[in-house]
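The values are calculated or read from the model by the stated rules, or taken from the named source; none is laboratory data. Because the structure is a prediction, the values reported are computed rather than measured. As a convention, Cβ positions derive from the backbone with ideal geometry for all residues, glycine included, and neighbour counts pool all protein chains shown.
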Amino acid sequence: MTELETRLAAYLKTRLNAPDLTVANLSRIPGGASRETYRFRASYGGKDRGLILRRDPPASLIETERTTEYRAYEAFHGLGLPVPEPIALELDPAPLDRPFFIMEEIENCQTGSIMSPDPFGPHAETIGKQFFEVMGKIAAADPRDVGLSDLEGETDIHDVAMHEVARWEKVVEEDEREPQPIVRAAIRWLKKNPPPPAQKISVVHGDYRTGNFLYDDSGTIRAILDWEMAHLGDPLEDLGWAIDPLWSGGNAEKPGGMMPRAEALAIWEKASGLKADPKALYWWEIFASLKGAAIWISAAREYAEGRNIDPINAFSGWYTLAFHNHILAQKLGAGA
């Protein structure tokens, strides 16, 4: 048993009041630049179950709050959406050196390959219907009813868009290592051309996309993951991010590599009770590419300065930043 397994077992024995608990098969899951992710088996009380450990890394692609992610799991698992059951949240770094949380493992599932034009094969339409329906249900939920009305974010429907621009402009200002003229032009455009007021303030997942959910062999979505960027905001933010061309191999007419854009938007509208207003959504689509570029700029800095040398950060600062710069240049050049 490794040292981490021993310490994890000791923690869970106390936390779950299970003196017979044992931990086995702890292994790191690749990826996850914002958290270190491990899977392991926990045996106690005559049962054996798979669990997931999400531990803060020494440095991350973006600054995120593990408490927010854990609370989002609690809220939407309680609402009956496909979200893993949260098990334990620990803010004291002493047990495992850094803060962490534990949730159930959703077994016998897979993720779609991001940036692939056909990540789901024959299950594309089936998965797409669920993907946009679940996102619509998240948008429909009242933050007060699910206990998340105190999340960070702007609650004035007139100010929410500029609040988010300011959030990501700050990331760019703090992390850019060289001039970013296209990103700066996009920020100016977003400020000069504000969208219509938000239809409502919802819980925004913040990273709802291909690659951040699990599905099984029947094409059933079993878990929506990675809620660490959850906040209050305009639900069109999630929609604009989900349909960004980066997640569909550049094919904007088949968002997420799932289904035609018009069908996806119709499903979201029905589930959310909101409208995908073309003018507002177009603004949030440009914002999505700006937000993506800011994340990749941050990733590149973390890698270059040696704080997080996960190869995903190098890739983000190279390929995905160039991709979003290209998307932004196209839209701005077309008189967006």
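With (1) surrounded by fewer than 18 Cβ atoms within 10 Å (Cβ to Cβ); (2) in contact (Cβ under 8 Å) with a residue 40 or more places away in the chain; (3) not small (G, A, S) as the list, and P93 as the residue in question, which single condition is left unmet?
That leaves (2) as the condition not met.
Could you check how many residues of the range 38-50 are within 15 Å of L225 (Cβ to Cβ) and either loosely packed, with under 15 Cβ neighbours inside 10 Å or touching a Phe, Trp or Tyr at 6+ places or on another chain (Cβ under 6 Å) (or both)?
1
At pLDDT 95 or above, in a strand (DSSP E or B) and among the aliphatic types (A, V, I, L, M), is that true of I52?
Criteria met by I52.
Listed residues A88, A124, A94; which is of a type in the set (A, V, I, L, M) and touching a strand residue (DSSP E or B) at 6+ places or on another chain (Cβ under 9 Å)?
After ruling out the rest, the residue left standing is A88.
Being crowded, with 23+ Cβ neighbours inside 10 Å, more than 16 Å from K129 (Cα to Cα) and either among the polar types (S, T, N, Q) or free of Cβ contacts under 8 Å to residues at least 40 places away in the same chain (or both) is the filter here, so list the residues in the range 207-236 that pass it.
Result: no residue meets the conditions.
Please pick out the residue among L239, L265 that is at pLDDT 95 or above, surrounded by 23 or more Cβ atoms within 10 Å (Cβ to Cβ) and assigned to a helix (DSSP H, G or I).
L239
Just to be sure before I move on: is L274 assigned to a helix (DSSP H, G or I) and surrounded by fewer than 22 Cβ atoms within 10 Å (Cβ to Cβ) in the structure I sent?
No, not satisfied.
A quick yes/no check of all residues on (1) assigned to a helix (DSSP H, G or I); (2) in the same structural domain as Y70 (by TED's automatic domain parsing); (3) surrounded by 14 or more Cβ atoms within 10 Å (Cβ to Cβ); (4) of a type outside the set (S, T, Y):
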{"site": "G136", "(1), (2), (3), (4)": "yes, no, yes, yes"}
{"site": "D142", "(1), (2), (3), (4)": "no, no, no, yes"}
{"site": "L151", "(1), (2), (3), (4)": "no, no, yes, yes"}
{"site": "E164", "(1), (2), (3), (4)": "yes, no, yes, yes"}
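I'd like to check something: does the range 19-32 contain any residue that is part of a strand (DSSP E or B) and under 28 Å from G153 (Cα atoms)?
Within the range 19-32 (the criterion being part of a strand (DSSP E or B) and under 28 Å from G153 (Cα atoms)), the answer is no, since none of the residues qualifies.
Let's see how each residue does on (1) farther than 30 Å from G306 by Cα; (2) modelled with pLDDT under 95; (3) among the polar types (S, T, N, Q):
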| site | (1), (2), (3) |
| --- | --- |
| D156 | yes, no, no |
| V160 | yes, no, no |
| H163 | yes, no, no |
| W168 | no, no, no |
| A186 | no, no, no |
| N193 | yes, no, yes |
| P196 | yes, no, no |
| D207 | no, no, no |
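When you scan the range 102-111, do you find a residue that is assigned to a helix (DSSP H, G or I), under 25 Å from E263 (Cβ atoms) and at pLDDT 95 or above, even just one?
No, there is no match, as no residue in the range 102-111 is assigned to a helix (DSSP H, G or I), under 25 Å from E263 (Cβ atoms) and at pLDDT 95 or above.
Can you give me the number of residues within the range 315-336 that are of a type in the set (A, V, I, L, M, F, W, C) and without any contact (Cβ under 8 Å) to a residue 60 or more places away in the chain?
The number of residues fulfilling the criteria is 5.
Is at least one residue of the range 16-30 within 19 Å of the chain's Cα centre (by Cα) and not assigned by TED's automatic domain parsing to the domain that holds D310?
Within the range 16-30, one or more residues are within 19 Å of the chain's Cα centre (by Cα) and not assigned by TED's automatic domain parsing to the domain that holds D310.
For the range 7-31, enumerate the residues that are touching a residue at least 60 places away in the same chain (Cβ under 8 Å) and on the phi > 0 side of the Ramachandran plot.
Step one: of the range 7-31, the residues touching a residue at least 60 places away in the same chain (Cβ under 8 Å) are 7-8, 10-12, 15-16, 31.
Scanning the range 7-31 gives a single hit, G31.
Would you tally the residues in the range 167-196 being within 25 Å of A314 (Cα to Cα) and assigned to a helix (DSSP H, G or I)?
Result for the range 167-196: 16.
Hey, T64 hits all of (1) surrounded by fewer than 17 Cβ atoms within 10 Å (Cβ to Cβ); (2) in contact with a Ser or Thr (Cβ under 8 Å, 6 or more places away or on another chain); (3) at pLDDT below 95 but one; which does it fall short on?
Going through (1) surrounded by fewer than 17 Cβ atoms within 10 Å (Cβ to Cβ); (2) in contact with a Ser or Thr (Cβ under 8 Å, 6 or more places away or on another chain); (3) at pLDDT below 95 one by one, T64 breaks only (1).
Quick one: in the range 288-314, of everything that is part of a loop (DSSP other than H, G, I, E, B) and touching a residue at least 60 places away in the same chain (Cβ under 8 Å), which residue is surrounded by the fewest Cβ atoms within 10 Å (Cβ to Cβ)?
Applying the first criterion (part of a loop (DSSP other than H, G, I, E, B)) to the range 288-314 yields 305-310.
If we keep only those that are touching a residue at least 60 places away in the same chain (Cβ under 8 Å) too, we end up with 307-308, 310.
On the way: R307: 13, N308: 19, D310: 20.
If we take residues in the range 288-314 being part of a loop (DSSP other than H, G, I, E, B) and touching a residue at least 60 places away in the same chain (Cβ under 8 Å), then R307 is surrounded by the fewest Cβ atoms within 10 Å (Cβ to Cβ).
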